[in-house]
Amino acid sequence: MKSVRETCVPRPEVLRGDLEDAIFAADFGQVVGGVAPSVYQDPERFFANTYPTATLKKVVTTVFDRLANPNEAGFPLRLSTGFGGGKTHTLIALWHLAHNIARPTLGTQLLPAAGRPRRVAVAGLDARAFGKSLVAEHGAIKVHSLWGEVAYQLGGEPAYRAIEAMDSPDDVPPASKVREMLPDGPVLILLDELVMYMAILNEQEKNAVLSFVSTLMAEVGARRQAVLVLTDPAGQPVYAKQAHELIEATRLSAAASDLDGIIGRRASGFDPVGKEAAEVIVRRLFEHIERGAAETASSEYYRAYERVKAELPEALPGGAAVDYAKVISRTYPFHPRLLETAQDRLAALQDFHKSRGTLRLFARIVRDVWEQERDLFLISAGDLDWGSSRIQADLLDRLHRDSFKPSVNADVLRHARQLDEVQGSDVHRRVATALLLESLPLNERATMSKADLTLAVLRPNETGSEPGEAVDRLLQHCWHIYHDEGRTRFQFRYEPNINKIIEERSGTVSSEDARQAVRTMAHNYFRGTVFTLVAYPNGPSAVADSAQLKLVLTESEALAQEICDYTEEADAGNRFPRRFRNAILGIAATPAQFEVAAQATRRLTVAQEIQRQEQERCTGRTRTTPLLDEVKALLPDLQLTARRQTLRAFNRVVFQGRPSVTLTEEYLVSNVGPLRDVDGQTKLKDMLDDKHLIYEAGDALDVDLLLDELVKGATPSLEHDGAVLASAVHERALASPRLRLMRDEEPVRKAIRKAIEEGRLLLRLPDGSVYARQGCYTGPPEQRSLQAGVQCPAFSLSSDVLLAPSSAPCASAWQQVAAAPSGELLTIHQAATDKFTSEQKVRDAIDAGQLNGQEVDGQLMVVVDDKYRAWHPSGEAKTVSTKEWDEAVKYAARRPLLRLTLSTNSLDRAGDLIDIAQPFGARALWLSVNVSGELSGGGQLFFAVNDVKHSSPLKPIERAREMQRACNAATVQFSASLALDLAAPARPLGEEPVRNAKVKAAGTVSVEAEFGEEETSGAS
């Protein structure tokens, strides 16, 4: 949509501000006297500014039809309306048309040129200007009575001389003299404000006026082509008695006719504007309006209201919204609800003239919009500028509502705008502006619901919830907004509400008490298990330089930065930088926002004290007080606000060696919902994750960085040449400027595991076990052997755990395997592992006499002797190995399965290994289990069982489960593997058994398989 400033052209006098009060208040007497402002005195300008409402056209055409038709009987009529009903405008229109009857092009929108009378004798009297003894002066002639003035205006000096002897307020002329006053031909007499003249007369004089009016009406009705138009301000209580008497007098004449006969409505309710008030106002204020823009605005608002009604059924008032949208094409560029407020609500004020007051107000609004160059699609009640001195003069001073000025200054111009700045919109100002305008009458109707306010200020690009939400926030901050008992209707009042009382008393809460409350609230919020919280330390020396990830909570960002950077205060003799930069961060407050939070806690403290005091006052049958009800309703919002402002205050995140960052709104708690349920450390962790400032679960360091920067240069082992302490590697990671924050050792540990898998690093545990790419070297020197394929268990990065590059001098000794003693027996599986061959090859060698075999308890064993030590497998078949399920499925289709090992790191899945292995028909199953972790009561746990039968009475998996429960869950590392002793296969298994095993593995059980030579197409 286009802005109204693009589609509408105001009249120059509107933009200049030339529409002074006299112009807004049309004065019939001034027009008759030739001294009215040009907007009323100049006939062409008057008709150009006059919108031809249907009722006004009806009156004008009826009057002039009577004057033009010589066969029409005389016609007396009474216009009975209150101020603002349009009667003065009607009289001026009749006067100009009668005086300019020879100008056929004048006023044709009201009266067609064809059929007009050729001439009209016209008299126009504004009795409001009459004096008690002097009615008017015409040169040397001084007129003293109503009838003297009628005679003079209709017939000049001769007619006046004819009744001069009776020109006295109490000497009414007889009917014959009245008849002589009326000249031949069309006669139009316009009598305005007679009741105001009657109010200054004595009873005798007043009776004379009533008698004359009755006689005049009778004479007008008795002749042809004569019309008498009589007005009275029926809606004004101050003249009620005189108006009633005038009505009674007019009823004495059988020829009298109320306006009912013309426009089909009660005389006392005559409104020449009728339902066309909008068109009248628009016509008077604008030279031109693009009709297409009006239709576009109507369509856009219609769609918006339909959308809101569908999505938020309670947001708008019933079907009225859609009806309003349809009316916009007529009221454009004004919103219909603004017009309704002005004419139906403000009209209840005695000093607000319904038509003139509305016209004056809308002219002020238009001028402000154009002067301020505001881009509005439609001018609504929310677009009134209460900061304008002109608006305040019209609506507060003129209407004796200056007691609302504190509401304007405190709530509309300050509190609402402050909320707009926070929320990034202008909806609070619009809502407060519309509500204050509606509240001016200060009666029971001068209230608005959220739906009313949404209708009054909603814009098409808004969702529909904004005005209602703005009301809730305004209730928390404004000093003069009240709500009813059900909190459904709202109103501005003179009296300060609970917000103002709290604001005034908040100064009694000391600054230190308020600040301490903020600090305590922040402390509670940032407690948690993600970081070790160090709250409000005095300086760097109060925070240990340890590997544990710490969150330092301070009121000052400078202090937080100093603590992150150093281990000692600035005045210490030896000030050292903090070493473990990746194990500390700070959260600090912004000074300005901290003060906002302190003020919020002051308000909360005062409200709680008011609640306590009011509860003490409630004794006996008095269970509550109005103030107690108010403060109880407000307390939840105050608690929410105090917490929210506190969290917004502590929003600076500080690091060592990195720029500080702001904890933005998305990482603060939502405005909606219980703040106490939110973990501030979790919110902070979310921000660190999103900005990649901390290692997440599953992350690992780069292996090259681990080896080149962390292992190299770490504290060496004194006993193992080329080895370094694992604890020193971890500490170097915590101190590295190339790395992120670390919650624990896991990123380093995962990198170590990966380096071992790649064959680039060896790990030595305190028990002497060494883990390398090929498996675990374990046992005392004389029995040391390689447990092939055994994965590295859980381990801590402690000083008794060593790391060595695979090229280190100690690597060879760590991987030394003791020669098997003669006569020792090995299982087929052990022999195959030792010789890096398949179990089938070992059996074949025994069958061929290359190895010595021995039966033990029904199981074939290999004898370790010279023959065994000298035997090396040769002529190996072209085998393939894989650790991927999909490859295993592919190989199983054309190759025999030689070796299979199933592994898992999940204790819950360890029991499923045997079920997965069952379809492969193994002759034996060999189980290995490893568990490690930090014991809950302190200390380390390492448990390993290797190559035992799955049916071992030790029940390794159950033992592992018991040991896991004794450990800190976050530190437990578990692994289990099941090796299958397979019979020598003659043919491939096919894909199905392996595919089924993959499905059962479900991503948590890994496979390591070896397949024999691929079967050729000619094999049988």
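The label point for residue 128 and the one for residue 783, both projected 7 Å from the Cα toward the Cβ, are 12.2 nm apart. Distances between every pair of Cα atoms in region 825-870, grouped in 10 Å steps from 0 to the bin holding the largest one, split as 32, 63, 5 percent.
Put 509, 422, 327 in order of accessible area, highest first, and with a 1.4 Å probe you get 422, 327, 509. Here the gap between residue 914 and residue 35, fully extended at 0.36 nm per residue and compared with their Cα-Cα distance, gives a gain of 305.2 nm. Ordering 161-171, 823-833 by mean Cβ neighbour count within 10 Å, with the highest value first, yields 823-833, 161-171. Its DSSP H runs of at least 4 residues, each contributing -39,500 (n - 2.57), put the calculated 222 nm mean residue ellipticity of the chain at -12000 deg cm²/dmol, to the nearest 500. Using a cut-off of 9 Å between beta-carbons, work out the net charge of the residues near residue 700 (Lys and Arg +1, Asp and Glu -1, residue 700 not included). Taking every other residue near residue 700 into account, the sum is +1.
Between residue 754 and residue 721, how many nm apart are label points set 7 Å from Cα along the C-beta direction? Going from the residue 754 label point to the residue 721 one covers 3.2 nm.
With a Förster radius of 22 Å applied to the C-beta separation of residue 969 and residue 546, the computed FRET efficiency comes to 0.50.
Label-to-label distance for residue 813 and residue 536 is 5.7 nm, based on points extended 7 Å past Cα in the beta-carbon direction. In region 41-70, which residues have a backbone nitrogen under 13 Å from the label point lying 7 Å from residue 105's Cα in the Cα-to-Cβ direction? Only 44 pass the distance filter. DSSP beta bridges confined to the chain are antiparallel in about 70 percent of cases. The stretch between residue 9 and residue 856, if pulled fully straight at 0.36 nm per residue, gains 293.8 nm over its current Cα-Cα span. Amide H contacts of residue 494: none lie under 5 Å away among residues 5 or more positions distant or on a separate chain (H built 1.01 Å from N in the peptide plane; Pro and chain starts excluded).
Checking every one of the trypsin sites (Lys or Arg not before Pro) in region 701-793 against DSSP loop status and a limit of 12 other Cβ atoms within 10 Å picks out 712, 738.
Structural descriptor for region 703-815: relative contact order 31 percent, calculated from alpha carbon pairs under 8 angstrom and at least 6 residues apart.
When only Cα pairs below 8 angstrom with a gap of at least 6 residues are kept, the chain shows a relative contact order of 7 percent.
Pick out, in residue order, every one of the GluC sites (Glu not before Pro) in region 288-330 that is DSSP loop and has at most 13 other C-beta atoms within 10 Å; say none if there are none.
Counting only loop positions with at most 13 other Cβ atoms within 10 Å, the GluC sites (Glu not before Pro) in region 288-330 are 314.
Calculate the translational D of the chain in whole µm² s⁻¹ from Stokes-Einstein, where the hydrodynamic radius comes from the Kirkwood formula applied to all Cα pairs, the temperature is 25 °C and the viscosity 0.890 mPa s. Write out the running numbers ahead of the final one.
Numbers: Rh = 38.6 Å.
Result for D is 64 µm²/s.
On the basis of the beta-carbon distance and an R0 of 45 Å, residue 962 and residue 1000 show a calculated FRET efficiency of 0.95. Annotation: for a label point projected 7 angstrom from Cα along Cα→Cβ of residue 512, residues of region 543-564 with backbone N closer than 19 Å are 555-556.
What longest range of the chain stays clear of loop-exposed chymotrypsin sites (Phe, Trp or Tyr not before Pro) (DSSP non-H/G/I/E/B, at most 15 other C-beta within 10 angstrom)?
1-493
For region 290-496, the Kirkwood radius over C-alpha pairs fed into Stokes-Einstein at 4 °C and 1.567 mPa s yields D = 76 µm² per second.
Pick out the long, greasy-scoring helices in the chain: whole DSSP H runs spanning 24 Å or more along their own axis by Cα, mean Kyte-Doolittle at least 0.0. Present the calculation step by step, with values, prior to reporting the outcome.
Details: long enough: 203-222 (28 Å, 0.31); 291-311 (30 Å, -1.18); 354-371 (26 Å, -0.37); 591-617 (39 Å, -1.02); 626-649 (34 Å, -0.14).
Helix filter hits for the chain: 203-222.
The values are calculated or read from the model by the stated rules, or taken from the named source; none is laboratory data. All values reported here derive from a predicted model rather than from experimental measurement. FYI the Cβ positions are ideal-geometry reconstructions off the backbone, even for glycines, and counts take in every protein chain you see. Just so you know, the surface numbers come from the protein's heavy atoms only, side chains and all, with ligands and any DNA or RNA stripped out. Shrake-Rupley method; radii C 1.70, N 1.55, O 1.52, S 1.80 Å.
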